[in-house]
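Inspection log for the structure reproduced underneath, given as structure tokens.
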Amino acid sequence: MSTVSKGSEAQLDRETLAALYEETFKNLEEGTITEGRVVALTKDKVVVDIGYKSEGIIPGDQFSSEEIQNLKVGDKLQVYIEECEDEDGNLVLSKEKADKMKIWEELEKLYKDEKSIEGKIVSRIKGGMMVDIGVKAFLPGSQIDLHPVRDLDGLVGKTFPLKIIKINHRRGNVVVSRRVLLEETRDSKRKTTLANLKEGQLIQGMVKNITDYGAFIDLGGIDGLLHITDMSWGRVGHPSEMFSVGDKIEVSVLKYDRETGRISLGVKQKSADPWSNVAGRYPIGTRVRGRVVSLTDYGAFVELEPGVEGLVHVSEMSWTHEVRHPSRVVAVGDQVEAAVLNVDPASRKISLGMKQTAPNPWDMIESKYPIGTRIEGKVKSLTDFGAFIGLEEGIDGLIHISDMSWTKHIKHPSELFKKAQKVEAVVLRIDKEKERLSLGYKQLSRDPWDDEIPARYHVGDSVTGKVSKVADFGIFIELDGGVEGLIHISEAGLDSQVKLEEKFKLQEDVTAKIIKVDREERKIALSLREHQVDSDRKQVDEYHSTQGVLDQSLGRAAKQSRKRSQSDD
């Protein structure tokens, strides 16, 4: 048995120890993570033993205040080896870098396993948002949501589950997406929803978007259209009157087309159709009250109950007024009373009348204004055919142009009347069904054609009057007593090239011959041509008469001359 001296043993221990340190050094590489044990704590540093020939020092600012308070000698730590020996031969360690490397390892594992991670949005940057997932990550704007987000600043400070879609440890780049997870959730919900969806089913949904024609409802991964006509049995001006984005509502599945994936939804179908027994609730003649919900050129729509509307036509608004537009009588929102005139459930139409709620003044017109009654009123309007006289509110009578004068040819009512002028008239006829009242102005005096005019004017007489009107067909002459005679163009005795208005002037005196007095037609026909013929004949007769007297005088003178000659002989 060999023996070893004590010096030799000491040398052997040093060699063993050196070999041990050398082996430890081989297993420690700069840029790697290893486990160490805390051996000392000071105010600004933590001393860690990793089994190396020297201990490492980690600056205290790499620990949070909470970590420093909880840290004790003997605790184990994951540390990053920055340098095995610096210029002073010290081992340089980093907890901060170890933590980051550990995070990157976890992120790469999540990326590989396609798992999600919670991330907090910390700021808005160009093209998207900056997110904290343990390291800074980029969330592109297109990956924030399924739809464009208007208020990006409102997301700052919020936490969302995210999925890593790109990672580069060397460059320190991480790109995340929230949209990918939302799409996965939507697709999962869609499969479940479609598998259970059937027509007639009631299903919960959320208002996702509102348009002019309806609202899109999220049923769980798939959207359905709730058309405006299926929102209510009543009138809906715009979908926003009933719903807002984000509202949770229950809808009925009206139609589901599996080929196109289109889903039609309804809300009103959840309740009974109010038109199903409308004829029983609103029999003809019933008086009802309702709210004016819409006006058109031809009438006003009145809501009698939700989903049931009736139309008051303009012709059914007033007994006494001619309503040109319903806005002259009612406005949207007014509460009105009306009578049911007709009900057509098949066409979903109810005809209403407002005037039927008050007595018809034309029902009493005959007793109030018997034929022959003298009335007084104001001229309301003038037309080519007559003048309308207002007797009372809504009751007008017409003086036709033919009933304005016994003797004169009235071309337009403005020759006698002016608007707002007070006039008297006689009631001639009443048509209650057509609501017409005929008045006469000339009937206020007796008809001069009964005896006065025929006795005063005879055929063959020559009369003188003033030109009152010149028409294309002749000249009207006003004679004594206000009666007019007409010289037809054929009786004017003018050359065809001469125009009447050039030859005759208003108020000019004209003498003509009466060639016809028509008592039935109340007309006196005059002739300038006949008058001229008579005048010429008279002159000839006067000439011949004068010439005869002269011849007789000459004969007597000649006879006397002969007698004188004979006596001289």
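Can you name the residue in region 31-66 that is assigned to a helix (DSSP H, G or I) and closer than 25 Å to HIS169 by Cβ and is also modelled with the highest pLDDT among such residues? Across region 31-66, the extreme among qualifying residues is ASP61. Every test in (1) surrounded by fewer than 16 Cβ atoms within 10 Å (Cβ to Cβ); (2) within 19 Å of SER535 (Cβ to Cβ) is passed by ILE477 save one, and that test is (1).
Exactly one condition in (1) more than 14 Å from ALA98 (Cα to Cα); (2) modelled with pLDDT of 55 or more; (3) not in a strand (DSSP E or B) is false for LEU17; which is it? For LEU17, the exception is condition (2).
Cβ-Cβ contacts under 9 Å between residues 6 or more apart (or on different chains), taken from a first residue in region 408-432 that is free of Cβ contacts under 8 Å to residues at least 24 places away in the same chain to a second residue that is surrounded by 14 or more Cβ atoms within 10 Å (Cβ to Cβ) and of a type in the set (D, E, K, R), are listed as GLU415/LYS408. Counting just the residues of region 116-165 that are of a type in the set (Lys, Arg) and touching a helix residue (DSSP H, G or I) at 6+ places or on another chain (Cβ under 8 Å), which one comes out farthest from LEU181 (Cα to Cα)? Among those that are of a type in the set (Lys, Arg) and touching a helix residue (DSSP H, G or I) at 6+ places or on another chain (Cβ under 8 Å), it is ARG124. Looking across region 147-195, the residues that are of a type outside the set (D, E, K, R), touching a residue at least 24 places away in the same chain (Cβ under 8 Å) and assigned to a helix (DSSP H, G or I) come down to LEU155, VAL180, LEU181, LEU182, THR185, SER188, THR192, THR193, LEU194. Among residues of region 216-240 being assigned to a loop (DSSP other than H, G, I, E, B) and among the aliphatic types (A, V, I, L, M), the one that is nearest to LYS268 (Cα to Cα) is MET231. Within region 324-335, restricting attention to residues that are touching a helix residue (DSSP H, G or I) at 6+ places or on another chain (Cβ under 9 Å) and within 26 Å of SER347 (Cα to Cα), the residue that is surrounded by the fewest Cβ atoms within 10 Å (Cβ to Cβ) is HIS325. Condition check for ALA525 on (1) free of Cβ contacts under 8 Å to residues at least 12 places away in the same chain; (2) touching a Lys or Arg at 6+ places or on another chain (Cβ under 6 Å): one failure, at (1).
The residues of region 227-254 that are loosely packed, with under 12 Cβ neighbours inside 10 Å and either touching a Pro at 6+ places or on another chain (Cβ under 9 Å) or basic (Lys, Arg) (or both) amount to a single one, LYS248. Of the residues ILE375, ILE371, ILE410, the single one that is more than 47 Å from the chain's Cα centre (by Cα) and assigned to a strand (DSSP E or B) is ILE375.
Is there a residue being modelled with pLDDT of 90 or more and of a type outside the set (A, V, I, L, M) anywhere in region 405-412? Yes, region 405-412 contains at least one residue that is modelled with pLDDT of 90 or more and of a type outside the set (A, V, I, L, M).
The values are calculated or read from the model by the stated rules, or taken from the named source; none is laboratory data. In this text the structure is predicted, and so the values were computed from the model without any measurement. In this analysis, Cβ positions are derived from the backbone assuming ideal geometry, glycine residues included, and neighbour counts consider all displayed protein chains.
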